[in-house]
Every structure is written in C-alpha cells, then in structure tokens.
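Taking it in order: structure first as structure tokens, then the write-up.
The values are calculated or read from the model by the stated rules, or taken from the named source; none is laboratory data. Remember, predicted model here, so these are calculated numbers, not experimental data. As a convention, Cβ positions derive from the backbone with ideal geometry for all residues, glycine included, and neighbour counts pool all protein chains shown. For accessibility, only protein heavy atoms count, side chains too; no ligands or nucleic acids. Shrake-Rupley method; radii C 1.70, N 1.55, O 1.52, S 1.80 Å.
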Amino acid sequence: MILELDCGNSFIKWRVLDSEKATASAEGIVGSDLALIESLVALPGLLLTRCRLVSVRALEETSKLVAALHEAFGVTVSCAAPARQVAGVRNGYEDFERLGLDRWLAMLGGFKLAQGACLVLDFGTAATADFIAADGEHLGGFICPGMPLMRNQLRTHTRKIRYDDASAERALERLSPGRTTVEAVERGCTLMLRGFVLTQLELARGYWGDDFTVFLTGGDAELVSDAVPQARLVPDLVFVGLAMACPLS
C-alpha cells in the first residue's frame, strides 16, 4: 500500500493507494501530524510499503512528519522537490525553487491530463492561477487570498463580524445581496473569487483562443465551478503530479 500526503498550510490531505490497482482505499483530511498518525493506525489491515509527500511547510515541520511516519510504519518517505523541468513541463519562475511545490505538482498533473495548453486554478488557503502552454512552458501565474484568508481577515479586523461555520455554509446557498453580515461577507468573498476566475479566463483566451483546458482544484473549487462550466473539477490534481514527481516503481 502507498501513502500519499499533501501537506498544506492548514491541513494535511492523505490517501492510501492499493499498490496493485493504484486506487484509493482510504482518504481523509486532518489538522495535525498526530491526527494523521491516529487516522492511519485506525485503518484495518493497513500495511504501508511506500510513502510520498508534497509539503509547503517549513523544512523542520516536514522533517518531523517524515520521522514520525518512519517510526510509526517503518516506511521510507519520498518528498517532492523543486525542479526546472519534469515530464515536459518547464518551470517558468526566474528562481524555480521559489515556486510553491503544490502549484508545481498541480501544473504537472494538469498538463498530463490536458495533453496541451491549460489553466490550473487552485482554491485553498490562497487562490492561485497558472498558465501552461501547449509546449509545456509555464508562462507564470497569480496568487491572491483564498476564501479562508479573506474570511479570517474580515473576522479579525472588523469587530462586528462574528459568525460560525454553519452560518457561513447557509449563507452560500445563494448569491443575492446579503441581508445579514454573514451573508454579505460570504457572498462578497465568493464573488471576488469568481471575478478572479473570469479574469484568468480572459487572459488564457488572449494566449490560446479557445484551445485550452481549465482545471479547478482545491478545497473551495466548487464555490466557482458553476462560473466555469467548461472546467474540469479534479480535487486530487496535486496527487496526479506527485506521482509524476516521485515515481515509486
């Protein structure tokens, strides 16, 4: 069995693959290293043979997790690393090591699935856009605050904005002008994300006309999915790229 991990700023997304079928037999999202170990230990019949991960966390944090996995399961962990080029995709950053690994892997995954020009839109703690041409050249991208950052900044810096997650979820049942603070905030932030998406689409059309594929990924991708009906929603796009960057065979 293969353990795959996507270690983001706020959460760790994990899944266990059957080595024979390469399909997920278990998966989840946790908020800490301890919660990850506990979730895995609780799986019946778990027998990990290999592990690969991508992390945007500090090196010390990632090293602690690697050590904990080795101690708990005896597996050697393969970690994705920055690269100038992988599988025909060329990193477009002036300093390629500064490009976030989660973005890099999502780009690899998107280019593999598209087999041509693509726009990769990722909605997590931050919202990102990356443009990959048909020849694999990364043209660059954009980063802006995602839904969690926008929401938390308003909650932190505006005294009267206080509401719970359940209220936030109800507020997003429609996008008409809000008649309560929670509706105004949640719907306003969602519309900002949609505006970001539409701007990226205009730029992509300027490059490639209509000959490109749009990918939506990340925890909040569904908030914008109906604004881009032609897009492919691929929640595990980073894992597609992780398998390319860290082949285990």
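For the chain, the fraction of 1.4 Å probe accessible surface lying on carbon and sulfur atoms is 52 percent.
Charges were assigned to the Cβ only: +1 to each Lys and Arg, -1 to each Asp and Glu. The resulting dipole of region 2-79 about its Cα centre is roughly 140 debye. Membrane-span-like helices in the chain, defined here as complete DSSP H runs extending at least 24 Å along the helix axis by their C-alpha atoms with mean Kyte-Doolittle hydropathy no lower than 1.0, are absent; this is a sequence and geometry rule, not a statement about a membrane. For percent of Cα pairs over 33 Å apart, the choices are [x] 24; [y] 29; [z] 20; which was calculated from the structure? Computing percent of Cα pairs over 33 Å apart and matching it to [x] 24; [y] 29; [z] 20 gives [x].
Any idea which of GLY140, LEU203, SER176 is furthest toward the positive side of the dipole for region 98-249, if Lys and Arg beta-carbons carry +1 and Asp and Glu beta-carbons -1? Comparing the listed Cα positions along the dipole, SER176 ranks first. Figure legend: label point modelled 7 angstrom from the Cα of VAL41 along Cα→Cβ; residues of region 62-76 with amide N under 11 Å from it are 72-73. Surface exposure of region 108-249, expressed per residue as accessible area with a 1.4 Å probe, stands at 51 Å².
Just the number please: accessible area per residue for region 2-79, 1.4 Å probe, all protein chains included, in Å². Please report the intermediate quantities before stating the final value.
Values: 4260 Å² over 78 residues.
Dividing the accessible area of region 2-79 by its residue count gives 55 Å².
In the chain, Cα pairs under 8 Å separated by at least six residues give a relative contact order of 18 percent.
Given the rule -39500 (n - 2.57) for each run of at least 4 DSSP H residues, summed and divided by the residues of the chain, what is its mean residue ellipticity at 222 nm, to the nearest 500 deg cm²/dmol?
Numbers: 7 runs with 93 residues, N = 249.
Dividing the helical sum by the residues of the chain leaves -12000 deg cm²/dmol.
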